[in-house]
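Bear in mind that the values in this text are calculations on the coordinates, not laboratory data. Note that the coordinates shown come from a computational prediction; the quantities given were computed from them, not determined experimentally. Note: ideal-geometry Cβ built from the backbone for every residue, glycine included; neighbour counts use all protein chains shown.
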Amino acid sequence: MHNAPFDLLTVDRHLGVRLEELGGRTFDTRVLAHLLDPRSPQEGGIGLGLKPLSAVYVDPDAPDTQDGLTAVFRSLGLTKATGWAGIPIDQETTSGTRGST
């Protein structure tokens with residue numbers, strides 16, 4: 001999880017999986033990235049953002065899905081602030097699969 005404390009508390013509160021159950025089996029990729037290279041982009045590092053880290057450590061050619069997500073929000077008359085709450089769980093994505101954008 002990237003920024004695990006937030007995600008763990010959200011999972012605990014909304015999905016009913018207890019923090020104590022999941023926390024010990026979770027690694028925070030944001031903390032690991034900071035330990036690997038704490039420098040910000042202005043200091044010559046990658047920074048701690050998930051997208052830049054993924055481009056360096058996972059796949060530099062992976063498409064940025066932010067544009068696709070923004071397009072889904074706009075097509076439904078939503079904004080970034082209201083988008084997640086307004087997208088139906090079975091919303092088709094631009095790739096034709098369900099559940100991810």
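Quick notes on this structure:
- Comparing Asp12, Asp59, Asp90 in a Gaussian network model of the chain where C-alpha atoms under 10 Å apart are linked, the largest mean-square fluctuation is found at Asp90.
- With R₀ fixed at 41 Å, the C-beta to C-beta distance from Leu9 to Asp61 puts the FRET efficiency at about 0.75.
- Contact order relative to length of the chain, as percent, for alpha carbon pairs under 8 angstrom and 6 or more apart: 14
- 3J(HN,Hα) couplings calculated from phi for the range 46-62 with the Karplus curve 6.51 cos²θ - 1.76 cosθ + 1.60 (θ = phi - 60°) are, in sequence order, 7, x, 10, x, 5, 5, x, 5, 5, 5, 7, 9, 10, 7, x, 9, 5 Hz; Gly and Pro show x.
- Taken over the chain, the alpha-carbon convex hull comes to 141 cubic angstrom per residue.
- Surface/4 estimate of mean projected area, convex hull on alpha-carbon atoms of the range 1-57, nm²: 4.3
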